[in-house]
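To start, the structure under review is shown below, and the notes come after it.
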Amino acid sequence: KSQGKKTKAAPSTSACTHQTVYVPVHRSSEVQEARLRLPILAEEQEVMETINENPIVIVAGETGSGKTTQLPQFLYEAGYAQHKMIGVTEPRRVAAIAMSKRVAHEMNLPESEVSYLIRFEGNVTPATRIKFMTDGVLLKEIETDFLLSKYSVIILDEAHERSVYTDILVGLLSRIVPLRHKRGQPLKLVIMSATLRVTDFTENERLFKVPPPLLKVEARQFPVTIHFQKRTPDDYVAEAYRKTLKIHNQLPEGGILVFVTGQQEVNQLVRKLRRTFPYHPPTSSAKDRPKKAGEDTKTLQAAATDSDVEVEDPKELEFDMKRTIRNMRKSKKKFLAQITLPKINLDDYKLPGDDTEADMHEQQDEEEPEELMLEDDDAGDDDGEAGLISGNRRPLWVLPLYSLLSSEKQNRIFQPVPEGCRLCVVSTNVAETSLTIPHIKYVVDSGRQKTRLYDKLTGVSAFVVTYTSKASADQRAGRAGRISAGHCYRLYSSAVYNDCFEAFAQPDIQMKPVEDLMLQMRCMGIDRVVHFPFPSPPDQTQLQAAEHRLTVLGALEVRKSSEKTTDLPPAVTRLGQVISRFPVAPRFGKMLALSNQQQLLPYTVCLVAALSVQEVLIETGVQRDEDVAPGANRFHQKRQSWAASGNYQLLGDPMVLLRAVGAAEYAGSQGRLSEFCTTNGLRPKAVSEVRKLRVQLTNEINLNVSDVELGVDPELKPPTDAQARFLRQILLAGMGDRVARKVPLADIADKEERRRLKYAYNCADMEEPAFLHASSVLRQKAPEWVVYQEAYELQNGDSTKMFIRGITAIEPEWLLLYVPLLCNVREVREDPAPRYDEASGRIFCYVDATFGKAGWDLPLGEV
Ligand code: ADP
Ligand code: MG
């Protein structure tokens with residue numbers, strides 16, 4: 001046991017004081033040893049004293065210093081979990097799962113006591129003491145239990161990521177904590193963050209009148225030398241490959257961490273690196289070693305030809321190095337900064353073409369020593385890869401890391417690397433702060449990230465690759481300095497860093513449409529969202545756009561023009577309240593709310609579940625804006641047949657999802673799920689998420705709607721034609737602001753232009769036409785009126801092109817009924833005479849109207 005543990009803070013007279021008791025934890029000696037190496041352990045006493053004496057505390061510390069894994073344990077040992085729970089929120093699901101498992105392991109407690117809860121799954125039990133969850137989950141809990149009465153402490157982790165939900169939680173908790181205090185049941189709040197821009201929380205009078213104390217965890221960060229590139233290549237994936245090769249060939253021991261922007265790039269680079277440096281498990285003990293996934297026969301063959309090459313054993317050097325570091329760590333901190341590795345000259349780390357930042361390790365001498373002048377290249381010089389590969393025959397243990405990767409595969413980054421291999425992890429920005437990968441010494445930073453940008457008014461999104469912020473780049477570099485002095489190779493020039501990188505990333509809340517958030521906050525009784533203490537408030541246009549979309553959806557009352565002057569926001573309708581109960585976007589909530597008829601609910605539940613989960617269907621080889629060539633997407637034919645005829649066909653892409661998920665469920669009940677997914681191009685993890693969401697939505701409906709008893713049927717029969725027609729109407733009711741009409745080709749004389757606009761649609765609130773995505777099963781039919789799930793822009797050379805996808809055909813006369821607020825009624829026709837419907841007690845009459853801002857004529861419709 002660590003010595004510091006027994007000397008707990010003396011109880012002070014302050015009212016916030018927590019009476020400390022000591023709850024013992026029985027850790028294994030291995031875990032205990034690893035813990036003692038974490039910087040935060042040295043600060044335990046100070047951290048706990050500050051928390052005991054203050055209701056709100058901010059803890060900032062370098063990534064990897066042990067905040068997430070250790071702080072919950074400190075609190076547990078100090079008795080915070082005795083009567084109520086310790087809650088920890090994470091913006092990323094990956095982190096919530098991984099961290100709960102790690103903490104359970106370290107504390108030697110079952111997962112029923114240290115548990116996690118994310119949107120689709122969890123292992124929380126009544127015995128749970130420490131609960132890791134996503135920030136969205138806690139926000140939902142506040143809706144039903146405003147004072148969070150089950151918790152004694154809430155830790156908001158990764159607050160620097162500025163995720164929308166964490167931002168709101170900070171605002172809400174700044175008010176909940178004093179309320180709990182008043183009731184004599186104090187709640188502690190700990191805001192944890194990497195060492196970035198903490199002032200948004202500390203020096204923010206809207207949030208905290210008295211700034212909460214800020215604890216900085218002294219990180220034992222070793223110096224990291226930054227190497228800029230002289231030029232900034234466009235193809236950063238190719239450049240990352242070259243750089244990784246060079247590091248592996250020319251530089252001593254130490255793991256490599258490569259940052260690229262997305263899953264595809266990660267996989268592409270992993271494949272390429274594995275092919276170049278194959279790992280060939282020794283046949284004798286192959287079974288004991290972790291298997292390498294995706295190792296195809298080709299790789300094995302390549303490996304076989306290398307097998308007679310002697311692999312030089314680097315263990316000895318490493319052992320020495322580790323011991324040196326361990327000894328140094330025991331001595332005073334000031335030595336730490338001076339650690340350099342035995343017999344290794346820092347200049348050795350400089351790769352040709354690098355521009356090493358002068359202030360970290362001064363390089364007086366402009367001239368490099370001769371033996372370091374490698375013949376190799378600078379970025380962009382095309383010298384082929386063959387020359388690069390020759391240097392090192394040592395295998396590279398290459399692992400991918402991104403958020404959609406299954407958790408077993410993610411966990412491999414923590415497992416031991418096979419003997420004789422060097423670790424290389426290719427990651428998206430998941431590895432930037434949420435997960436700390438052990439043994440990294442070299443970081444290769446593409447300097448890019450993928451961001452989803454939304455148009456504030458239309459909600460149109462575009463995935464764009466942008467430069468990261470300076471703060472992110474520095475975080476990434478910091479990953480190299482965890483075990484010893486490290487090196488970060490930036491695939492861009494220092495000029496680009498200085499001129500093109502923002503200081504910090506913008507908080508998410510200022511980037512995304514906020515309607516679900518607004519509805520959720522309104523249903524919690526926060527009427528004036530405008531006055532909410534956000535750490536950084538979303539802008540006015542965004543809030544107004546959200547209010548407008550919610551009104552069109554029918555979730556907020558229509559403001560009468562006479563009321564426009566009062567600043568009281570429009571009230572939430574009953575429909576709005578129902579909508580907000582479902583853990584899905586408001587438009588999907590509305591679809592569920594409308595489905596309690598014609599036995600439609602099982603289908604809508606399934607559809608909404610499938611539409612809420614990312615990338616259920618794998619798209620391969622679909623050209624962005626060209627027709628699908630035969631065989632280009634081997635799944636396309638099948639998908640076309642899933643949406644075969646009549647109203648099925650008109651239901652379009654959602655029908656494909658519905659059939660795919662239904663069939664996958666059935667295959668699953670027969671134990672053939674993975675085979676089915678492979679042959680039909682479904683992502684297995686997504687299928688299981690859809691299933692979980694189906695169960696969750698079904699439970700929600702059974703709880704809230706008294707006259708239905710839904711089940712989750714593994715044999716969901718395809719809908720009848722009549723049901724498919726209703727489903728199209730329900731889709732329209734939810735997507736009423738995403739209506740598009742085919743560009744009329746008849747008026748266009750120019751042949752070329754007609755061809756260009758073959759799949760073009762005008763969207764109700766956009767000027768530029770958008771094109772039907774090639775993956776759509778409705779592309780051949782190209783119906784006149786459609787609703788779409790998503791509109792987005794793609795860069796196409798210098799210009800951009802807008803696409804719509806997730807297409808369903810609609811009939812224009814439905815618009816008056818389902819999206820009345822976007823229709824302009826020109827006149828109500830007297831002739832033919834109004835019809836009275838006895839069953840509904842409604843009067844129908846004919847209406848002459850137009851739709852949307854553009855004023856598209858609607859056929860004379862009955863309303
Ligand atoms: P912080 O929250 O300050 O960034 P963490 O508490 O996440 O730091 O990490 C502390 C240490 O625990 C890191 O060195 C990390 O590598 C290690 N760690 C985290 N999860 C695991 C795991 N599953 N297996 C082994 N080590 C782990
Ligand atoms: Mg952490």
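Every read-out reported here was derived from the displayed coordinates using simple, explicitly stated rules and does not represent laboratory data. Keep in mind it's a predicted model, so treat the numbers as computed, not measured. Here Cβ is always computed from backbone atoms with ideal geometry, including for glycine, and neighbour counts include all displayed protein chains.
Summary table below
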read-out: Cβ-based net charge around residue 411, under 11 Å, with every Lys or Arg adding one and every Asp or Glu removing one; value: +3
read-out: Packing rank of 440-450, 737-747, 42-52, where each peptide gets the mean count of other beta carbons within 10 Å, highest leading; value: 440-450, 42-52, 737-747
read-out: Amide proton proximity set for residue 844, modelled H, under 5 Å, gap of 5+; value: 835, 836, 837
read-out: Environment charge of residue 686, counting only residues whose C-beta is closer than 12 Å and scoring Lys/Arg +1, Asp/Glu -1; value: +2
read-out: Derived scalar couplings ³J(HN,Hα) [the range 244-260; Karplus, 6.51 cos²θ - 1.76 cosθ + 1.60; whole Hz; x for Gly, Pro]; value: 4, 4, 5, 4, 5, 6, 10, 10, x, 2, x, x, 10, 10, 10, 9, 10
read-out: Set 101/441; 182/512; 512/717; 140/853; 512/781; 638/685 screened for pairs whose C-alpha atoms are more than 29 Å apart; value: 182/512; 512/717; 140/853; 512/781
read-out: Filtered trypsin sites (Lys or Arg not before Pro), the range 758-828: DSSP coil and at most 16 other beta carbons within 10 Å; value: 758, 781
read-out: Reciprocal of mean inverse Cα separation for the range 486-534 (Kirkwood radius, Å); value: 14.4 Å
